[in-house]
Amino acid sequence: MDADWAADLQAVTLTLELAALVTVLLLAGGMPLAWWLARTTSRWKAPLSAVVALPLVLPPTVLGFYLLMLMGPHGIVGQATQALGLGLLPFTFTGLVIASMLYSMPFVVQPLQAAFEAVGARPMEAAATLRAGPWERFVHVALPLARRGIVTAAVLGFAHTVGEFGVVLMIGGNIPGATRVISTQLYNHVEAFEYAAAHRLAALLLLFSFAVLLWVYWRRPHGSASIVAAPDARPRA
Amino acid sequence: MIEASLQLPRGAFTLDVSMALPSQGVSALFGPSGCGKTTLLRCLAGLERAPRGRVVVDGQVWQHGAAFTPPHRRAVGVVFQESSLFEHLDVRRNVAFGWQRLAPAERRISLDDAIAWTGIEPLLERSTHALSGGERQRVAIARALAVSPRLLLMDEPLAALDAARKAEILPAIERLNTLSGIAILYVSHVIAEVARLADHVVLMDAGRVVAAGPVGDLLSRLDLPLPPGEDAGVVLQGAVGALDAPFHLARLDVPGAAFWTRDPGLPLGHRIRLRVLARDVSLSLAAQPGSSIVNQVPATVDSIADDVHPSQVLVRVRAGGSALLARVTRRSAQALALAPGQAVWAMVKSVALLD
């Protein structure tokens with residue numbers, strides 16, 4: 001029982017670390033991408049939006065499989081990491097972080113994009129005529145006006161990473177302390193017929209996910225059906 | 001001096017303007033909706049980049065050839081049609097947004113002055129969500145003033161407001177120019193606003209400048225696509241010349257003419273601006289001593305043009321330094337044998353005091 005608890009706790013800690021790191025990295029990388037998608041009229045907008053949205057419809061195993069191929073010893077990425085002396089990424093925490101970032105990307109980029117679109121061009125123009133340069137406009141006008149969308153993006157990205165399973169199995173395996181997250185630990189319990197322990201983790205994930213979604217829906221504007229709709233998109237006077 | 005020559009292809013038309021504005025007073029950019037007024041204003045602000053153009057404001061080159069100063073490096077202030085306040089900042093922070101980005105030496109207008117001139121002291125601690133449309137627009141004006149612009153651009157700032165709110169803001173805009181000394185370029189398609197505010201008018205149509213000049217000259221011209229019908233009229237500038245206290249009347253003197261009107265309560269010598277509509281002016285070959293119309297002005301017919309309805313003509317007459325428009329029936333014009341150079345009396349039934 002104690003060993004069980006310790007293993008579960010290790011899985012929970014690892015999951016939280018993974019989700020936190022992925023969320024931070026995705027916000028940092030997703031923000032310029034979402035900003036560009038929100039403002040561009042380029043013909044590359046549609047293809048890039050489709051790529052960002054792919055993980056929404058693909059089975060996680062497909063994503064995991066291609067990542068395994070790419071990062072494996074014969075893949076381009078795998079050969080590059082080996083040449084750089086980094087070794088191979090599959091079945092490591094780093095590999096899991098990279099895979100999770102791709103897997104959770106739409107849940108971060110889409111709310112960010114919606115929030116930036118809701119800010120609109122006018123406040124940015126007003127700021128430009130008030131002596132604010134491009135960077136100041138982004139930091140002091142766009143970010144504060146999009147703050148609710150940014151928080152939504154962070155929460156959804158975190159929650160979605162906590163809940164991943166297929167990609168983890170394909171790319172990370174089941175290594176305690178390195179790649180064994182809550183969902184794989186739960187899988188182990190079920191495989192071993194430890195239903196009480198499985199219940200514990202399953203209920204934890206269920207409650208966590210419900211609480212997150214409830215919070216997201218509570219702070220969403222009325223009448224909007226999409227989970228990624230910008231919470232800032234209220235009518236402006 | 002504010003000089004601009006800009007060419008910018010724009011779907012339906014090509015903006016192709018060349019103009020020079022005085023760097024004092026209020027200039028109105030006037031013309032029908034969709035004639036390119038807003039595009040021109042955006043080019044002056046640097047929000048839009050005309051591929052070919054030159055913009056020079058008080059000797060500062062904002063655009064010339066390939067050189068283009070981005071909006072945040074221009075000494076320009078912009079008030080948009082909708083106030084575009086920053087919703088995440090309270091009123092005080094909105095007003096200070098641009099001001100705090102200026103080097104102290106550039107702050108020719110103090111934050112306190114910008115706030116006082118627009119009368120927004122009572123609003124400073126409020127959230128922008130708690131403001132009426134008129135209050136929002138005054139905050140937007142204060143915010144633009146606080147960056148000490150060389151040129152303040154106003155893009156139909158009253159368009160989204162009801163009549164009561166307009167009446168609240170117009171005097172504030174009038175005061176601005178006197179108080180701040182900043183050149184104002186005011187975009188509007190409403191002749192009444194132009195008549196009230198502008199010293200200088202630039203008339204635009206289909207992306208081009210059709211005419212430009214002092215408001216008194218320009219609005220009296222019969223050869224321009226100015227709004228016809230009820231709005232035809234002239235703007236005259238002068239001063240209070242005499243008072244008749246027992247009868248509560250005041251004489252408003254403009255170059256070449258004087259009008260007795262209801263005493264507005266202004267002191268002698270006070271500068272005034274009058275609007276005289278063509279429909280309130282009739283013509284007579286001789287003075288009419290037995291008439292209740294006291295404002296009879298000797299004048300000379302300058303030109304005659306068709307009015308909207310075929311039964312009427314518009315007659316422009318000169319009285320000293322001022323021009324008046326009169327609307328008379330075509331039959332009367334024929335009966336009086338009106339022709340350029342002819343001496344007439346303009347019978348003015350009413351004048352509107354604008355400020």
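Out of everything in the stretch B:66-80 that is surrounded by fewer than 18 Cβ atoms within 10 Å (Cβ to Cβ) and more than 12 Å from residue A:132 (Cβ to Cβ), what residue ends up being nearest to the other protein chains (Cβ to nearest Cβ)? Don't jump to the end; show me each part of the working.
From the stretch B:66-80, those surrounded by fewer than 18 Cβ atoms within 10 Å (Cβ to Cβ) are B:66-70, B:73; that's our starting set.
So of that shortlist, the ones also more than 12 Å from residue A:132 (Cβ to Cβ) come out as B:66-69.
Working: B:66: 20, B:67: 18, B:68: 13, B:69: 12 Å.
In this case the residue turns out to be B:69.
Has the stretch B:329-348 got at least one residue that is over 30 Å from residue B:265 (Cα atoms), of a type in the set (S, T, N, Q) and either touching a Lys or Arg at 6+ places or on another chain (Cβ under 8 Å) or without any contact (Cβ under 8 Å) to a residue 40 or more places away in the chain (or both)? Spell out how you get there, then give the answer.
Filtering the stretch B:329-348 for residues over 30 Å from residue B:265 (Cα atoms) gives B:329-344.
After this cut, where a residue has to be of a type in the set (S, T, N, Q) as well, the list is B:329, B:332, B:334, B:342.
Remaining after also requiring either touching a Lys or Arg at 6+ places or on another chain (Cβ under 8 Å) or without any contact (Cβ under 8 Å) to a residue 40 or more places away in the chain (or both): B:329, B:334.
Within the stretch B:329-348, one or more residues are over 30 Å from residue B:265 (Cα atoms), of a type in the set (S, T, N, Q) and either touching a Lys or Arg at 6+ places or on another chain (Cβ under 8 Å) or without any contact (Cβ under 8 Å) to a residue 40 or more places away in the chain (or both).
Among the residues of the stretch B:280-292, are any part of a strand (DSSP E or B) and in contact with a helix residue (DSSP H, G or I) (Cβ under 7 Å, 6 or more places away or on another chain)?
To start, the set of residues in the stretch B:280-292 that are part of a strand (DSSP E or B) comprises B:281-284.
After this cut, where a residue has to be in contact with a helix residue (DSSP H, G or I) (Cβ under 7 Å, 6 or more places away or on another chain) as well, the list is none.
Looking through the stretch B:280-292, none of the residues is part of a strand (DSSP E or B) and in contact with a helix residue (DSSP H, G or I) (Cβ under 7 Å, 6 or more places away or on another chain).
Tally up the residues in the stretch B:264-279 that are surrounded by 18 or more Cβ atoms within 10 Å (Cβ to Cβ) and either in the same structural domain as residue B:175 (by TED's automatic domain parsing) or without any contact (Cβ under 8 Å) to a residue 24 or more places away in the chain (or both), please.
Selection size over the stretch B:264-279: 0.
Which of the helices (runs of 4 or more DSSP H) found entirely inside the stretch A:36-136 contain at least 3 residues meeting this: within 19 Å of the chain's Cα centre (by Cα) and either over 30 Å from residue B:154 (Cα atoms) or not basic (Lys, Arg) (or both)? Please lay out each step first, then the result.
Numbers: elements: A:45-57, A:60-71, A:76-83, A:93-119, A:122-128.
Helices (runs of 4 or more DSSP H) meeting the threshold: A:45-57, A:60-71, A:93-119.
Please specify each residue of the stretch B:46-104 satisfying the condition of being of a type in the set (S, T, N, Q) and either closer than 18 Å to residue A:122 by Cα or outside the structural domain of residue B:151 (by TED's automatic domain parsing) (or both).
So the first thing to find is which residues in the stretch B:46-104 are of a type in the set (S, T, N, Q), and the list is B:60, B:63, B:69, B:81, B:83-84, B:94, B:100.
Result: B:81, B:83, B:84, B:94.
Of the residues that sit in the stretch A:104-126 and are within 25 Å of residue A:182 (Cβ to Cβ), crowded, with 24+ Cβ neighbours inside 10 Å and of a type outside the set (Gly, Ala, Ser), which one is nearest to the other protein chains (Cβ to nearest Cβ)?
The initial filter retains those residues of the stretch A:104-126 that are within 25 Å of residue A:182 (Cβ to Cβ), namely A:104-111.
Filter once more, keeping what is crowded, with 24+ Cβ neighbours inside 10 Å: A:104, A:107-111.
From what's left, of a type outside the set (Gly, Ala, Ser): A:107-111.
Values: A:107: 25, A:108: 22, A:109: 22, A:110: 22, A:111: 18 Å.
Applying the filter and picking the extreme gives A:111.
Determine which single condition residue B:91 fails, assuming it passes every other condition in (1) surrounded by fewer than 21 Cβ atoms within 10 Å (Cβ to Cβ); (2) farther than 30 Å from residue B:15 by Cβ.
Looking at each condition in turn, residue B:91 falls short on (1).
Can you run down the residue pairs with Cβ atoms below 7 Å, 6 or more apart or on separate chains, where the first is in the stretch A:145-169 and more than 14 Å from chain B (Cβ to nearest Cβ) and closer than 15 Å to residue A:116 by Cβ and the partner is of a type in the set (A, V, I, L, M, F, W, C) and surrounded by 24 or more Cβ atoms within 10 Å (Cβ to Cβ)?
A:153/A:108; A:153/A:112
Report the residue count in the stretch B:121-148 for those that are away from every other protein chain (no Cβ under 11 Å) and more than 17 Å from residue A:126 (Cβ to Cβ).
Number of matching residues: 8.
Within the stretch B:43-58, can you find the residues that are touching a residue at least 40 places away in the same chain (Cβ under 8 Å) and either within 15 Å of residue B:2 (Cα to Cα) or away from chain A (no Cβ under 14 Å) (or both)? Explain how you work it out, then say what you get.
Residues of the stretch B:43-58 touching a residue at least 40 places away in the same chain (Cβ under 8 Å): B:44-45, B:48, B:50-58.
Matches in the stretch B:43-58: B:44, B:45, B:50, B:51, B:52, B:53, B:54, B:55, B:56, B:57, B:58.
The values are calculated or read from the model by the stated rules, or taken from the named source; none is laboratory data. Note that the coordinates shown come from a computational prediction; the quantities given were computed from them, not determined experimentally. A quick note on method: Cβ atoms are made from the backbone with ideal geometry, for glycine too, and the neighbour counts reach across all protein chains shown.
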